[in-house]
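Step one of this worksheet: look at the structure below.
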Amino acid sequence: MHQTFDAALGINLLHVNQEGADHNRAHFDRWGITCLNLMSSPGAGKTALLERSLPTLRQSFTIAIIEGDMTTELDADRLRQHDVPVIAINTGRACHLDSKMVAGGLHRLEHDYNPADFDLVLVENVGNLVCPAEFEVGEHAKVALLSVTEGEDKPLKYPVMFQAADCLLITKLDLVPYLDVDVDRIMANVRQMNARATIICVSAKTGEGIEEWHNWVRSQHQSTRTAQICHSAELQ
Amino acid sequence: MTKALILTVQDWWESQVERPNISEVHLTVGKFTCVEPAGLQFAFDAQTQHTFLAGAQLVIQETPLIAFCHQCQQEYRPEIGIQYACPTCQSPMDDIRSGRELKIDRIEYSDTHSETHSKIDHASNL
């Protein structure tokens, strides 16, 4: 008869990913970069938002984009029109970016540029409201997008994503007059599980709310920079 | 997620001198995570075929979502998909006390060699 034994582990399932994310964040901190992770379902308007924002944000920041897509470079090509480095990562069958994939992207950034010249790295995650919420990539803040066409109930159905978000953008606001949607209801549903997120209603088409979103990015960059500078002063 | 699980177990397995036969992997999975136990179970069985984990059983224990309302100073159980705010004072769900677990608790394994190995030898290996 075989003897059976037991080993107590108590290890987090995402242990390996978390270590990688912390490692990426340490790089960002050393380079003075603020990293934002943009997440939403497919078609909520992540790429459209970036297209709208890049011309303005580029005036104050040096920006690089990490573009996660399962198979194509269609989104990456759209963003390359804006004269910013776009690192495309095809995740293959994986429905989210993980910290190892983003580390690969950072190595490419390091190879082609001087990363310390950058202020902002915007990660456009794979369109999916489920898995990206669990897989940190080393970001300083999570931005979730939800378009008004998706329905008011989505925060209740995908609570982990909306609970984790630091900023929620309710997108495609220009479509509200044509829909039977209650934007206040969307906000109330998010507030059930997230008291701290900044909620901004935007339209990449008309520009409504975009300035407020840019101000959030600026304040996020400022607070991240302050923390990075304090931290490096402590180390010295 | 399955890949993350297999990699972590593999890390442990490779650190063992005697590469044991793993018979059971015990997980704790919170209800407020993106992991669906049935899906994980299926993917685990499929992805471990012909590997060191072939035939190993995945045992998943789920933990409920429990939040603590600081306003009311009490715990409550949010109803996933319906109601997350405190049912008494409507404060947003803020302090999650249970339900976010994604943990490999323990691994059950057996000796790969003959029975002549004494239990004491193995116990000292643990």
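The values are calculated or read from the model by the stated rules, or taken from the named source; none is laboratory data. In this text the structure is predicted, and so the values were computed from the model without any measurement. Note that each Cβ is placed from the backbone with ideal geometry, even for glycine, and that neighbours are counted across all protein chains shown.
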Among the residues of region A:93-124, what is the count of those that are part of a loop (DSSP other than H, G, I, E, B) and more than 21 Å from B:Thr2 (Cβ to Cβ)? 4
Mind telling me which of the residues A:Asn24, A:Asn12 ends up being closer than 30 Å to B:Gln16 by Cα and more than 14 Å from chain B (Cβ to nearest Cβ)? A:Asn24
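With touching a strand residue (DSSP E or B) at 6+ places or on another chain (Cβ under 6 Å) and modelled with pLDDT of 95 or more as the only criterion, which of A:Leu156, A:Leu120, A:Leu106, A:Leu175 stands out?
So the residue among A:Leu156, A:Leu120, A:Leu106, A:Leu175 that is touching a strand residue (DSSP E or B) at 6+ places or on another chain (Cβ under 6 Å) and modelled with pLDDT of 95 or more is A:Leu120.
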What number of residues within region B:24-52 are of a type in the set (Gly, Ala, Ser) and more than 15 Å from the chain's Cα centre (by Cα)? 1
With farther than 26 Å from A:Leu173 by Cβ and buried (at least 22 other Cβ atoms within 10 Å of the Cβ) as the only criterion, which of A:Leu97, A:Leu50, A:Leu109 stands out? A:Leu97
Of the conditions (1) buried (at least 19 other Cβ atoms within 10 Å of the Cβ); (2) at pLDDT 95 or above, A:Arg196 satisfies every one except a single condition; which number is it? (1)
Determine whether region A:155-165 contains at least one residue that is at negative phi, buried (at least 19 other Cβ atoms within 10 Å of the Cβ) and more than 14 Å from chain B (Cβ to nearest Cβ). no
Can you confirm whether A:Ala103 is among the hydrophobic types (A, V, I, L, M, F, W, C) and exposed (fewer than 15 other Cβ atoms within 10 Å of the Cβ)? no
Residues B:Gln61, B:Gln90, B:Gln10: which one is free of Cβ contacts under 8 Å to residues at least 60 places away in the same chain, in contact with a strand residue (DSSP E or B) (Cβ under 9 Å, 6 or more places away or on another chain) and either facing another protein chain (nearest Cβ under 10 Å) or surrounded by fewer than 16 Cβ atoms within 10 Å (Cβ to Cβ) (or both)? B:Gln61
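Checking the conditions here, which among A:Lys157, A:Lys142, A:Lys172, A:Lys205 is closer than 25 Å to A:His23 by Cα, of a type in the set (Lys, Arg) and out of contact with any Pro (no Cβ under 7 Å at 6 or more places or on another chain)?
After ruling out the rest, the residue left standing is A:Lys142.
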Inside region B:14-56, can you point out the residues that are more than 10 Å from chain A (Cβ to nearest Cβ), buried (at least 18 other Cβ atoms within 10 Å of the Cβ) and either free of Cβ contacts under 8 Å to residues at least 60 places away in the same chain or over 23 Å from A:His96 (Cα atoms) (or both)? B:Phe44, B:Thr48, B:Leu53, B:Ala56
Do you know which residues across region B:81-94 are at pLDDT 95 or above and closer than 14 Å to B:Pro64 by Cα? B:Tyr84
